[in-house]
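All remarks here apply to the structure that follows.
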Amino acid sequence: MLSLLCFVVAVLASPFKSKSRLEAENAVLRQQLIILRRKVPSRVRLKNSDRWLLIQLYRSFPSILQVVTIIRPETLVRWPRAGFRCYWRWKSRARAGRPQIETDLRALIKQMSIENPLWGAPRIHGELLKLGFDVARSSVAKYMVKRGGSPGQGWRAFLRNHAPHIAAMDLFVVPTISFGLLYALVIVRLDRRELVWVNVTANPTAEWIARQVTEAFPWDDAPQYLIRDRDGIYSTLVTRRLRAMGIRDKPTPPASPWQNGFAERLIGSIRRECVDHLVVLGEAHLRRILRFYTRYYNEIRTHWSLAKDAPVSRPIQQTGSIRSHPILGGLHHHYVRV
């Protein structure tokens, strides 16, 4: 800065000097620069103040390009152009758009996708909403670890208008380690997708089915309609029990599993998220597994159709550190703030 001040003083004093004296000083200065360039092997390093001064002199007196020796003339011409580009790049920068995702949140999304390989972006997005993170589902899909027939209009309108009063039930088969077959009965309420009953038997009968329906619904909390398929196990004994409880039996047409889509979808979730990844040892073992999964399904698991809530509504937690609790031996995880 002191050198710049001295230069300015010298420029202001130059009009008071004779022309011959100025030419002599210029000649001496040029000769000194030539001598210095012989001794300095590397490139001369300039400060920003030096560049600014040379640019201002070039703008006022373009003829100084003929006497510039420490830098190339094209370099001096390039500096103003580079500054002009930097200014307009700064002026045209993006000032709006989607906010950046924090590093901790990206790491949490990656952790959830690694710990829960069966989960997709909607499931992880639902968990994040319950943990108090306001993030788009597309952002969740972006930061995840990469891995490689609809009902008729009449049924749709019926289910939409009467879902709080409808339940559905169905049976599915689970093989055991000894190559035996176990039969599991599930009963689900359609309005909140709540799994209200699950039980296992090796020999399903009509008497057993009727007893499960009675245990699933208290007499003052029975649904108005119950959807089922036309399996022969639902005999007259089952239909009489339903009528006695005030439940209207609604069997689906033959070979139409899509008309009992809620129960079929639940069974598919149980297979994909539970029994397909475990070795069933016996009836008691399967019953214990399904009871654990029922608790997870109703109280913890988020559902896309419930606006990313659980059948038994989960409160949103916004304070505290995040902890993960393994479920079913680490097959799934529950994230809470403590």
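Taking the stated definitions as given, is Glu283 of a type in the set (Asp, Glu) and under 28 Å from the mean Cα position of the chain (by Cα)?
No: the conditions fail for Glu283.
Here's a check for you: in the range 97-119, which residue that is modelled with pLDDT of 85 or more and assigned to a loop (DSSP other than H, G, I, E, B) is surrounded by the fewest Cβ atoms within 10 Å (Cβ to Cβ)?
Of everything passing the filter in the range 97-119, Glu102 is surrounded by the fewest Cβ atoms within 10 Å (Cβ to Cβ).
Looking at Ala284 and the list (1) under 26 Å from Thr176 (Cα atoms); (2) hydrophobic (A, V, I, L, M, F, W, C); (3) crowded, with 18+ Cβ neighbours inside 10 Å, which single condition is not satisfied?
(3)
Listed here are the residues, each with its yes/no results for (1) under 30 Å from Gly132 (Cβ atoms); (2) assigned by TED's automatic domain parsing to the domain that holds Arg137; (3) at pLDDT below 70; (4) in a helix (DSSP H, G or I).
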site: Pro41; (1), (2), (3), (4): no, no, yes, no
site: Leu54; (1), (2), (3), (4): no, no, no, yes
site: Ile64; (1), (2), (3), (4): no, no, no, yes
site: Thr69; (1), (2), (3), (4): no, no, yes, no
site: Val77; (1), (2), (3), (4): no, no, no, yes
site: Arg95; (1), (2), (3), (4): yes, no, yes, no
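Can you pull out the residues in the range 200-241 that are over 27 Å from Ala284 (Cβ atoms) and of a type in the set (A, V, I, L, M)?
Within the range 200-241, Ala222, Leu226, Ile227 qualify.
Within the range 219-262, which residues are of a type in the set (S, T, N, Q), over 11 Å from Met169 (Cβ atoms) and in contact with a Ser or Thr (Cβ under 8 Å, 6 or more places away or on another chain)?
Residue satisfying the conditions is Gln259 alone.
Being at pLDDT 90 or above, of a type outside the set (A, V, I, L, M, F, W, C) and over 30 Å from Arg248 (Cα atoms): is that true of Pro122 here?
In short, yes.
The values are calculated or read from the model by the stated rules, or taken from the named source; none is laboratory data. What you see is a predicted model, and the numbers here were worked out from it, not measured in a lab. Ideal geometry is used to build each Cβ from the backbone, glycine not excepted, and the neighbour counts take in all protein chains shown.
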